[in-house]
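Have a look at the structure below, then the notes.
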Amino acid sequence: MIGFENVRKEYPGGTLAVEDFSLEIASHEALVLVGTSGSGKTTLMRMINRMVDPTSGRVHIDGDDVASLDPVQLRRSVGYVMQASGLLPHRTVLDNIATVPVLRGTSKNEARRRAHELMETVGLDAALARRYPGQLSGGQQQRVGVARGLAADPNILLMDEPFGAVDPIVRRELQQELMHLQRDLKKTIVFVTHDIDEAFLVGDRVVLLKPGGVIAQIGTPQEILSDPADDFVASFVGADRGIRALHVERVDGRDVVVDADGRAAGVLESRAAAGRGPAGDGPTGESTRGGQPISDQPASDTPTGGQPRGATSP
Amino acid sequence: MNGNPYLEAFAWLGDPTHWSGPSGIPMRTLEHLGYTVLGVAVAALIAIPLGLFVGHTGIGKGIAVTAAGAARALPTLGLVTLFALMVGIGLTAPMLAFVILAIPSLLAGASSAVESADPATVDAARAQGMTEWQILTRVEVPLGMPLIVGGFRGATVQVVATAMLAAYVGNGGLGRYIFLGLGSQDYPQMIAGSVLVIALALVLDLALLLTQRLTLPRGTRPA
Ligand SMILES: Nc1ncnc2c1ncn2[C@@H]1O[C@H](COP(=O)(O)OP(=O)(O)OP(=O)(O)O)[C@@H](O)[C@H]1O
Ligand SMILES: [Mg+2]
């Protein structure tokens, strides 16, 4: 468990990045920090591995104040996927992935063997093992970054906009892979993004931040979508623009989900076709919001053409 | 001795009697090289650790820059004479001067090498759990190696050109030909000595330039 207690961060020079932030993150939970640029997401995340020390307040991991832990040992035990991949340019892909295990004393051979496995896990062609980061595409670099974060099998994984630099298709692919991984690994993940769709896809819980690290709302994606705390949240999740207020229209005998502007968002499959629940006609004509039915249906039945919500299915 | 002194200098260089014995060209070249290597090596022992420290921590940067600038401005012949008056004739006085002459380039090379590392890369290394020492030795130094070698290059070229002053206070080296020639108005010998110093300087410069290329880390070389 990770806890923030009345954390404040004022950078030298006077920027107040975080005013007063408190939060508890459960073990095995995927928590997403989402907010506009400069709202303090990276600052908060880097307090967990002591890359930033709070001006006041406490951060603890499993009851230990991180300020009492040796920063080097702490950083080796926490996986960190950085905003701009942060790979070492003079080391091969394989050695970049093996960095932390080697620092922790694993033999080079063993660490490289494991790095090879991780390349497969994150969907990297084995032929790239001997390349240098400068010889990779942005998406490949980010996969290497994810593999490096996982290499020492940390309980906590920090991911700072890990898929920021890739096109939407690759991004979707990486998100899916992360969710598959998380199903097996059950890490405690703290994930930063400013993409609300990604936040809802990845997060068991989502924290919406205003500038200064002020929590605008915290809850499951369903909770936030169905009941935005204020106009800021409503605008951030797009509820006010109608892109989350979906309804179903019948076109050529199929149920098409349409947003408030009349743009088709996807096709509604019957629950039977989705492999779940009794066969039915689907909630034809029934109003849904944000792709999340307001009714008590499981999230994975979400009838939009949007991303499946595998990670949060019960 | 009334021909073209430059042609005579080449005749002097071609004379086989000048290529053997303790005052022959090979021996004098070796002495000259020895002074250079010794001076640069002693300077490196002081300047490299200091430069790496200054570059990594930023501590004492102002002082280092000022001191290096001042050292560069010192007249070497004056230093050699001054030290010789203090410690007497021998190798100590010129060696002290060479060390002082070599330090600024080495110091600047080492500190700029460390400073040139991309802050994001250093931050990433730290975030993965490298100690400050590991960041220095595994990230900053390998990435900055060409600049460190560049410092050696600058220092070496300066010392090799100045090492003839060793002969001024009674030592060997290629400076012997120059000061002997000067004393006896034997201009061909003086010119030959100068040519040899220049040639040695060029060879060393080229060798270090190649080393600089070779130390550019794989992965950062242009494709
Ligand atoms: N090292 C630093 N020194 C001074 N100010 C900083 C530093 N790092 C961040 N800040 C400032 O603190 C505030 C929060 O920055 P932070 O990086 O946490 O934002 P963020 O939410 O991660 O933004 P982004 O989405 O752009 O990555 C910003 O105003 C930023 O300029
Ligand atoms: Mg950030």
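The values are calculated or read from the model by the stated rules, or taken from the named source; none is laboratory data. Just so you know, these numbers come straight off a predicted model, no measurement behind them. Heads up, the Cβs are rebuilt from the backbone with ideal geometry, glycines too, and the neighbour counts pull from every protein chain shown.
For this structure, a couple of remarks:
- Every pair of residues 6+ apart whose Cβ atoms lie under 9 Å, when the first sits in the range A:128-143 and is at the interface with chain B (Cβ under 9 Å from one of its Cβ atoms) while the second is of a type in the set (Gly, Ala, Ser) and in a loop (DSSP other than H, G, I, E, B): A:131/B:219; A:132/B:219; A:133/A:85; A:133/B:219; A:134/B:219; A:134/B:223; A:135/B:219; A:135/B:223
- Subset tally (residues that are of a type outside the set (A, V, I, L, M, F, W, C), within 24 Å of residue A:36 (Cα to Cα) and not in a helix (DSSP H, G or I)) for the range A:142-168: 5
- Test result for residue B:72, within 21 Å of residue B:204 (Cβ to Cβ) and surrounded by fewer than 21 Cβ atoms within 10 Å (Cβ to Cβ): yes
- Going through (1) surrounded by fewer than 20 Cβ atoms within 10 Å (Cβ to Cβ); (2) not in a strand (DSSP E or B) one by one, residue A:85 falls short only on (1).
- Candidate set: the range A:15-58, residues that are assigned to a loop (DSSP other than H, G, I, E, B) and closer than 26 Å to residue A:238 by Cβ; chosen: the one farthest from ligand 1 (Cβ to nearest atom): A:29
- Applying the criterion of at least 1 residues that are surrounded by fewer than 21 Cβ atoms within 10 Å (Cβ to Cβ) and within 14 Å of chain A (Cβ to nearest Cβ) to the helices (runs of 4 or more DSSP H) found wholly in the range B:81-162 leaves B:119-127, B:132-135, B:141-162.
- One residue from A:171, A:75 being in a helix (DSSP H, G or I), touching a helix residue (DSSP H, G or I) at 6+ places or on another chain (Cβ under 7 Å) and either assigned by TED's automatic domain parsing to the domain that holds residue A:33 or buried (at least 21 other Cβ atoms within 10 Å of the Cβ) (or both): A:75
- Residue that is nearest to the chain's Cα centre (by Cα) [pool: residues in the range A:65-84 that are facing chain B (nearest Cβ under 8 Å) and at pLDDT below 95]: A:82
- Some residue of the range A:6-23 being in contact with a His (Cβ under 7 Å, 6 or more places away or on another chain), small (Gly, Ala, Ser) and surrounded by fewer than 21 Cβ atoms within 10 Å (Cβ to Cβ): no
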